[in-house]
Amino acid sequence: MSNPQIEIQLIAAVVAIACAIPGVFLVLRKMALISDAISHSILPGIVLGFFITQDLNSPLLIILAAITGIITVVLVEWIQKTGLVKEDTAIGLVFPALFSIGVILIAKNANDVHLDVDAVLLGELAFAPFDRLMMSGIDLGPKSLWVMGVILVITMMLLLLFFKELKVSTFDVGLSSALGFSPAILHYGLMSISSVTVVGAFEAVGAILVVALMIAPAATSYLLTSDLKKMLMLSVLFGVFSAISGYWLAHWLDASIAGSISTMLGLVFLMVYLFAPNKGLIAVMYRHKQQRIEVSLLTFLLHLNNHNEEEERHINHLQEHINWQKIRAKTVVDLAEKNNLISINNQVVSLTEKGNNFTSIALEYIITNKDEKIEHLKDDFFLFRG
Amino acid sequence: MRNKIAIQVDDLTVAYNYKPVLWDIDLVVPEAVLMAIVGPNGAGKSTLIKAILGIIDPIAGSVSIYGKPYDKQRQLVAYVPQKGSVDWDFPTTALDVVMMGTYGSLGWIKRPGKKEKKASLEALEKVGMLAFKNRQISQLSGGQQQRVFLARALVQNASIYFMDEPFQGVDATTEIAIINILKELRKAGKTVVVVHHDLQTVPEYFDWVTFLNVKKIATGPVKEIFNDDNLTKTYGINYKVAVNK
Ligand SMILES: Nc1ncnc2c1ncn2[C@@H]1O[C@H](COP(=O)(O)OP(=O)(O)OP(=O)(O)O)[C@@H](O)[C@H]1O
Ligand SMILES: [Mg+2]
């Protein structure tokens, strides 16, 4: 690997982490769209900053852009509060308006300078290593790595300090405010850091990838865990993995790096969506199938429980009587036997002691619907997991 | 003089989008009562609680908790919101939710530790939910969720408890378990305010009641004011409740 190659991957990884963290909270607050809005509506802030400083590298650009980002959020909320339109509509109204102000500003005034919409919106990772941070003649590394590094450190610090506050205000606004953790302060804090991250990141990776890096890892990890800390860690992991593997995908296909990283983010989401252990599509289908079999099993056991007469428990009779096809009947009988719930003597089926026990507990659960009784059965049987 | 005054509300008016939903409410709740707030849907019961807790800003009036504004007395107050006001799909477990009750006494930045965890486990035990401590909250039944939120309030170790419809969607056993815990709280000198819809059980569960419908209709001891007259004024229809005494 050459130096620029390492640097590109490093930048991509740092951007991925810095985006994943606020992304988790945006997704949980059902505000995924707002990152998209911010990434576009900051254009006038950048243009304004450029007019003032005549320098595309000035930190003032980031500050002004971040302020425009927050103005976006405020405007969206303000329009929403009128009660005339929903949030998505409000977002759709605000960001094209701000974006077009930026475009008009550029068109009217910046004809002679190097500033066009493409340059602002479509950052290109491949070029990031060429923009170096120099200090009294010494090369300190790519500028975007420094910018994003600082943003990441700030994000991490804020997360460590205010994790519990962010958690409670995202989960239960009422409690948060009753406990004295002002939801408004936390909300605007989160919006500010999201804006700053978007602004810092899109110069390096482009606006579209920023949005993807914020939303996709969070949406993916949401399918995998019911623990906020783990969700954050998984998001970071997915973000970094997609960033690095996306880079090599681009290298291999000779394609756009940003496009390849987005593709990887999409692929990772798809894989998890299909294969996640609990909420994944395949797991859900498997569970439904198992539940169907278990219901049959229970029906079967209850039948045995209800009938002492041998002829009612004869294996052939069972097939006719319960009216199942051969395969289903066989699956059920096998399952019962495998779990030592029944014993078969001379083609006559009887409940074992374990079977008796199981049946009465299950029966009690069905009647009383009391969960405590079957806690220990949940590991073995899907049926009771709800 | 009976007891100390726990909650005092003066001339409280609250509006959503300039439409008042609570008009000029005066309310005095003495310490160590178990009080029901009753009134029809949309009467402003939840809004009253939210305004007392500073979750919504009133357009007029003031609230005091043991003589001081709520801001200064947060530690004394616990709150169980009406169901459906939280995000049930949030990645969090029953124990974690209860732990949130300890955040208030911790203040900003400080993290919960062993002590908070122990208190939370005890609270879960008390409401009979210890077995479910690691369950994701969306995988609990409605009554179990309600118990978890009760545990969260208990762990706040407050002097005043506000509960918005804690009996919504719970079975008879759970309802009795909850009311027993509330009665215990009252015995320990705590004040408990409950939004309640089942008028039949008011005399049995509560010793204090407030009738509310945009305006305050009446407030006082159940024995004195829980009658057809006040019910009719509150609910509009001619009320002949089965409060056969
Ligand atoms: N966020 C809001 N924005 C606008 N109006 C609201 C809002 N919340 C409540 N309202 C209105 O305020 C009034 C009082 O609502 P509140 O929730 O306090 O009623 P409630 O007595 O708790 O009713 P319920 O028994 O149905 O819980 C209702 O007319 C309701 O439509
Ligand atoms: Mg209500």
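The values are calculated or read from the model by the stated rules, or taken from the named source; none is laboratory data. As the structure is a computational prediction, the values presented were derived from the model and not from experiment. Heads up, the Cβs are rebuilt from the backbone with ideal geometry, glycines too, and the neighbour counts pull from every protein chain shown.
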| message | Checking the condition away from every other protein chain (no Cβ under 12 Å) and either more than 16 Å from ligand 2 (Cβ to nearest atom) or closer than 30 Å to A:Leu186 by Cα (or both), which residue from B:Ala158, B:Ala188 passes? | response | B:Ala188
| request: Kindly indicate which of B:Pro58, B:Pro69 is farther than 23 Å from B:Leu199 by Cβ, surrounded by 19 or more Cβ atoms within 10 Å (Cβ to Cβ) and more than 11 Å from ligand 1 (Cβ to nearest atom). | output: B:Pro58
| When the residues of segment B:131-155 are filtered to those that are among the aliphatic types (A, V, I, L, M) and either at the interface with chain A (Cβ under 10 Å from one of its Cβ atoms) or not in a helix (DSSP H, G or I) (or both), which remaining residue is surrounded by the most Cβ atoms within 10 Å (Cβ to Cβ)? | B:Ala153
| task | Would you mind listing the helices (runs of 4 or more DSSP H) fully within segment B:1-102 where at least 2 residues are away from ligand 2 (no atom under 16 Å from the Cβ)? | result | B:70-73, B:94-100
| query | What is the residue count in segment B:103-130 for residues that are more than 21 Å from B:Leu185 (Cβ to Cβ), in a helix (DSSP H, G or I) and more than 8 Å from every other protein chain (Cβ to nearest Cβ)? | reply | 3
| request: Would you please name the residue that is modelled with the highest pLDDT, looking only at residues in segment A:306-327 that are buried (at least 16 other Cβ atoms within 10 Å of the Cβ) and part of a helix (DSSP H, G or I)? | output: A:Arg313
| Residue pairs meeting the criteria (Cβ under 7 Å; at least 6 apart or on separate chains; first under 10 Å from A:Ser35 (Cβ atoms) and part of a helix (DSSP H, G or I), in segment A:210-224; second modelled with pLDDT under 95 and of a type in the set (Asp, Glu)) | A:Val211/A:Asp36
